[in-house]
Every structure is written in structure tokens, then in C-alpha cells.
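To start, the structure itself, in C-alpha cells.
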Amino acid sequence: MRIENSFEVQAPPERAWDLLMDVPRIIPCMPGAELTETVDESTWKAKVSVKLGPISLAFDSEVRRVEADEAARKAKIAASAREVRGRGSAEATIESTLAPTDQGTRVEIVTNLTLVGAVAQYGRGIVPDVATQLVRQFASCLERQLASDPEEPEPEAHGANAQPVKPVSGLSLGFRALVGRLGRLFRQSPRT
């Protein structure tokens, strides 16, 4: 399935590009994600936790940067994830394009996602709306990082003061997606 999202950040394209290229710094911006290993300069491993009511899913993921065109400000990342208890897998390619705006930078994200196994059944029908909610949270995190002082050191991810990663709640995201879908439905209905 193809999912398209976009958002704007209040930072020049150069700063937004530098942050986008710092994958270890942006993985924790994805709700429920935690960086577990840096394999090399273009490959990382992460754990992603999702809770759908009573069902908890944990994915071991590998993230690879397969393309980075700084002149065009386009990047492509490939991610593969396997549910640790064998309930399915996911494959995704995420293409990001940055463009200057009057207020900062517009980030366009195109995700091609394939879900296999039980995880495909859990997410059927709501994945695009949930993905939109995830991108909003991701964008908010990026905005906070871009607003912080770039000279300020980043907190240690696995230090003594590190905060545990909360699993992303599929129910709360699903509820927000449903509210958004209902709002669009009411805005589109003809008025009499």
C-alpha cells in the first residue's frame, strides 16, 4: 500500500536535511521505536513496540539508507521488520523530499508498505489513517529537535537517565484516525 504524507518544519532546508540524515537521532522520533544498534554508516537496527488493546506486538527492524541525494534533497530508506513472536512481518520503503517554503521546509514522505501475516489482519482498513497520526507525531518530534540548540549535546539513548520507550498505542491512534475520518466525512457531506 502507498501512503503519502507531508508536513512543514520551521527550519531552513539545510538544517532539516542534516537532521534527516542523522538516522540514529530520528529513529526515536517514531512512536514506539528505539534504536538498538548502529551496524554501519547506512544501516541501523531498532525495536518497535505496538499495543493494540490486549495485543502487544514487538518488531525487530533493520533500517537501511539506500539513497541520499543532497543536491535534490531526496532520501530513500528501506526498512524490514519481523514480529518477534512470528505473527508477521513488514517491509517498507520511505522516500523523503525536502523543499524550501516561506516559513521553513516542507517534507514530503511517500511510504510503500507491505504487511504479511497476522499483523496485516490487525491493521487492515486503518493503516493509512494510523500512519497519518504517526507522521504527525514524528513531525512534532522533528520540529522540537530542530527548534533546540544544535550545539546542545543530545541525551544518551541508553544512559542511566534514559526514559523507557513506550509502545505506540494502536487503539489511541485508531481512535484519532476514526475521529479524523468522521470529520472529513462531515465536511464532505452536502448541506441542505
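Read-outs throughout are calculated quantities, based only on the coordinates presented, and are distinct from any laboratory measurement. All figures in this text were calculated on a predicted structure; none of them were measured in a lab. Cβ coordinates were reconstructed from backbone atoms using ideal geometry, including for glycine residues, and neighbour counts include every protein chain displayed.
If you add up the charges near Phe7, with Lys and Arg at +1 and Asp and Glu at -1, over every other residue whose beta carbon is less than 14 angstrom from its beta carbon, what do you get? Please report the intermediate quantities before stating the final value.
Values: positive: Arg106, Arg136, Arg144; negative: Glu4, Glu8, Glu108, Glu143.
Once all neighbours under 14 Å are counted, the net charge is -1.
Can you check what the net charge comes to around Glu143, using other residues whose Cβ is under 13 Å from the Cβ of Glu143 (Lys, Arg +1; Asp, Glu -1)?
Values: positive: Arg15, Arg106, Arg136, Arg144; negative: Glu8.
Value of the local net charge: +3.
Give me the distance in nm between label points sitting 7 Å out from Cα along the Cα-to-Cβ direction at Met21 and Val66, one decimal.
About 2.1 nm separates the two model spin labels.
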